[in-house]
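What follows is one structure encoded as structure tokens, with my remarks underneath.
The values are calculated or read from the model by the stated rules, or taken from the named source; none is laboratory data. Note that the structure is predicted; figures quoted are calculated from it, not measured. Note: ideal-geometry Cβ built from the backbone for every residue, glycine included; neighbour counts use all protein chains shown. All accessible areas refer to the heavy atoms of the entire protein, side chains included, with ligands and DNA or RNA removed. Shrake-Rupley method; radii C 1.70, N 1.55, O 1.52, S 1.80 Å.
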Amino acid sequence: MKTQKIIVTGGMGYIGSHTVVALINSGYSIVIVDNLCNSNIVVLKSISEITGVTPEFENIDLTDDNKTAQFFKRHNDAVAVINFAALKAVGESVQKPIWYYKNNLNILLNVLEGMENNAIKNVIFSSSATVYGLPDILPITEEAKTKRPTSPYGNTKKIAEEMMEDFLKVQPNFKGISLRYFNPIGAHESEKIGELPTGIPNNLMPFITQTAVGIRKELKIFGKDYATEDGTAVRDYIHVVDLAEAHVKALKRLLNSEANDNFEVFNLGTGVGYSVLDVVKSFEKTSQQKLNYSFEKRREGDVPELYANPSKANEVLGWNATLTLDDMTASSWNWEQKVRNS
Ligand code: NAD
Ligand code: UFG
């Protein structure tokens, strides 16, 4: 049987590259399209070293209507698109909202148009728990009402889901799945791919590992007066390798025509909330290092607690997160050391 071709936008990035590895290992043929604005060409070699397969790669800015249309025409034998490509820095999006709306929403519009014009009928979208805003009930199920996210970045995710829903309504044979990620951290066990943040990291895990290698002086923990067990904020951290596997399951659901609706959403988290101090403690244990940290006031826009009820993904996709917080902090630490020593 001919292998099925999947278009992966943003496949050179953090989550995309781990997913490409999982897809290749599951027998799919991959074409990555990425303009490398937040990734590096060496990732292609790393994917090839891990899997023994070098995926096709095209360097295209997906906000370019013509180039994207031509790209889709060239790859009209693809059976699905996984759309990772987006800008993702929350703070930067507050400063540069137009840039974020233009980039993230035009990418999706061009992708949907490319699918429509070439009868590529399946799409998976990278969404975020940010669409739930400040949740009323924890753990969060997909039934929870979405709210206006606190940042333009978050709002691009909410609007993108609405755009997909409208598009899929009028394309009866097309199907889409939006995956709402909670807090992806960790790196591949090969230590060949991982997160490579540019500049000062916004996110907790890279800030911890960069502090431990001495690039940052200390971790500032934002808030110690939340109504949580130890006073620090709680999130649902999920290993990027588990997250990648969920994309394979979602893809199979689409390709095997198992989806009930033409647009479905799934939470991707472990269902367990960990505090910032839990993550620090796990890091200290797995790295056998003491971390420099101090407490700061709360960060604006942060919610006190956010964790998923992942039952729908567990039951419907047959997917479960299997890796622990210690697996996450250990692999992040191994990756950070590898990056600094290479
Ligand atoms: P990433 O920045 O590592 O990867 C995104 C990739 O998209 C990069 O390789 C970048 O070069 C590419 N890209 C951006 N704009 C492009 C454009 N105009 N044309 C072509 N390529 C473009 O980010 P990631 O962490 O791997 O995130 C992947 C997706 O998951 C994003 O949509 C992100 O918003 C979403 N997401 C991430 C997180 C997280 O914590 N990492 C959480 C929730 C959702
Ligand atoms: N934190 C610190 N110090 C830091 C960085 C983070 O204490 O230097 C804390 C935050 O205050 C928060 C927790 O660590 O309590 C996690 O923060 P991250 O920035 O790692 O993650 P967020 O939960 O804020 O954001 C993540 C993704 C976003 C997404 C959001 C949805 O990075 O893309 O989840 O909830 F929009």
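See the values below:
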item	result
Trypsin sites (Lys or Arg not before Pro) within segment 275-342: DSSP coil, no more than 12 neighbouring Cβ in 10 Å	LYS290, LYS297
Cα-based radius of gyration of segment 206-304 once divided by 2.2 N^0.38 Å, which approximates compact folds	1.42
Computed accessible area, TRP333, all protein chains, 1.4 angstrom probe, square angstrom	20 Å²
Summed residue charge, Cβ within 14 Å of ASP225's Cβ, Lys/Arg positive, Asp/Glu negative	-1
Compactness index (Cα Rg / 2.2 N^0.38 Å), the chain	0.95
DSSP bridge orientation in the chain - percent antiparallel, rounded to nearest 5	5 percent
D_trans [Stokes-Einstein, Kirkwood Rh over alpha-carbon pairs] for segment 101-232, 20 °C, 1.002 mPa s, µm² s⁻¹	120 µm²/s
Gap separating the Cα centres of segment 48-86 and segment 93-133, nearest whole Å	15 Å
Length-normalised contact order of the chain in % [C-alpha pairs under 8 Å, at least 6 apart]	19 percent
Cα-Cα over 21 Å, subset of LYS102/LYS169; LYS157/LYS281; LYS121/LYS249; LYS67/LYS175; LYS175/LYS249	LYS102/LYS169; LYS157/LYS281; LYS67/LYS175
Peptides ranked, highest mean first, by Cβ atoms within 10 Å: ranges 262-268, 143-149	262-268, 143-149
Per residue value of the accessible surface for segment 275-341 (all protein chains in place, 1.4 Å probe), Å²	54 Å²
Entries in LYS5/LYS96; LYS217/LYS285; LYS2/LYS145 that, when Cα-Cα distance is taken, lie over 30 Å	LYS5/LYS96; LYS2/LYS145
Accessible surface of the chain, 1.4 Å probe, proportion on carbon and sulfur as whole %	47 percent
Rounded D (µm²/s) - segment 22-177, Kirkwood Rh over Cα pairs, Stokes-Einstein at 4 °C, 1.567 mPa s	76 µm²/s
Segment 226-280: Rg to Rh, with Rh as the Kirkwood radius over Cα pairs	1.17
